[in-house]
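Read-outs throughout are calculated quantities, based only on the coordinates presented, and are distinct from any laboratory measurement. Please read all numbers here as calculations on a predicted model, not as lab measurements. For neighbour counting, all protein chains shown are included, and Cβ atoms are generated from backbone atoms with ideal geometry for every residue, glycine included.
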Amino acid sequence: MTSDAVPLGGPRFQTEPARLYREMRKEHGAVTPVLLDGGIPAWLVLGYRELHQVTGDPVLFSRDSDLWNQWENIPDDWPLLPMIGHKQPSILYTVGERHRRRAAMVSDALEAVDPSQLRHHAERFADELIDAVCLRAEADLIADYAMLLPVRVLARLYGFSDEEGPGLVTALNDMIDGRERAIAGQTHLAASMARLLAERKAHPADDVASRMLADGSGFSDEEIAQDLMVMMAAGHQPTADWIGNSLRLMLTDSRFAASLFGGRNSVAEAMSEVLWEDTPTQNVAGRWASRDTRLGDRAVRAGDLLLLGLQGANSDPQVRTHGSELTGGNHAHFSFGHGEHRCPFPAQEIAEVIARTAIEVVLDRLPDIDLAVPAEFLTRRPSPWLRGLTELPVRFTPTPALGGTP
């Protein structure tokens, strides 16, 4: 690792990440040396071609965190440990044939979700959340809506009752927040998954948990519970941020003004543009080099950690020129990853249905919606990993609740 490593943190990830990634690429190249919390070294892969190489070669660039050459320097309370996943028996950290069988089990269980039922659940929960604010004339579309919706839909698909949904929302958001309630949130989520699997073993149903239990691939209940937790966390927060970032774009960019007053053609365009320019998952940890190699003119040593710079690669000038039209129907972005550890295609489809339904319900139910603060006052969470708004305050003319007065 070189001595010019860049600390992976600070306010610029909140205020101007695009410029920061450009500067890092210009000064350090497509593979930038960075320092994580506590001065732990890693490589941030910002080049599109280099990221394609890393994610496309799971043998040389392994998902097995046991390979890491920094474990002796990692304290037990290191805040990024949950991202690294040491000794976690989830799909994220299995490799080879066992990972392929596990990914097939997850993909099959998700692919069997009925599209019409998925949209029905998304619309129903979205309408419930809008009912709770529609008489107020103002709302925060992050706290009141985007951060509440995806997990409610996912919980229903997995097999949880509607009554359990709100508790899962709180637990998952506490866990993702990473503060004093994080461990309690994780404990609640784990206990809920274990209870669900016990119920579904006794009484199978038409849901994701039952299909995973019936798969017959030989995975333990603990492994299935871990995968359900991973799927819920990975499906919730990025989808919530996809909703928030897309609504922000539509409320602040004149190109999408028509959509706010009855048009719908631009919803998909806004969602696609966000995946290219403002993707919810900015950087991902990670991959570990299984032997000494070279990547982007850098000498990478066996056991080095490589972070996947998804947003940096999306804006790589080697594949993007300023203002180039790579949005719209172009899906060559890295926002869902790439290679055998990418987000399963059925999961991508579920996230897209939830996000698009969420945006359309807002536009249908609150037709004269507008920002309640100047656009430059909107702020982002100070994270180099996930990019989402802290809040999205809006105002609108009060409208009646569909389910009666809340």
Among Phe377, Phe125, Phe219, which one shows the highest mean-square fluctuation when the chain is modelled as a Gaussian network with alpha-carbon springs under 10 Å?
Phe377
Across 10 Å bins from the origin, how do the percents of Cα pairs in the stretch 7-48 run, short distances first?
30, 57, 13
Largest-first principal axis extents of the Cα set of the stretch 211-293 (Å)
52, 42, 16
Hey, how many Å between the Cα centroid of the stretch 1-66 and the Cα centroid of the stretch 197-255?
28
Consider just the alpha-carbon atoms of the chain and return their Rg together with their Dmax, both in angstrom.
21.2, 64
Computed curve, the stretch 108-177, Cα-only Debye sum without solvent term, log₁₀ I(q)/I(0) at 0.13, 0.18, 0.24, 0.27 Å⁻¹, is -0.40, -0.74, -1.12, -1.25
Would you kindly give the portion of the calculated P(r) for the stretch 114-238 that falls above 20 Å, as a percent of all Cα pairs?
46
Treating the stretch 34-82 as a set of equal point scatterers at the Cα positions, no solvent, please give the Debye-formula log₁₀ I(q)/I(0) at q = 0.18, 0.24, 0.27 Å⁻¹.
-0.71, -1.04, -1.12
Contact order normalised by length for the stretch 6-395, with contacts defined as Cα pairs under 8 Å and 6 or more residues apart; what percent is it?
27
For the chain, which longest stretch is free of loop sites, where a loop site is one of the GluC sites (Glu not before Pro) that DSSP puts outside H, G, I, E and B and that has at most 12 other Cβ atoms within 10 Å?
1-179
Can you give the FRET efficiency to the nearest 0.05 for Arg381 and Asp4, using r as the Cβ-Cβ distance and R₀ = 35 Å?
0.80
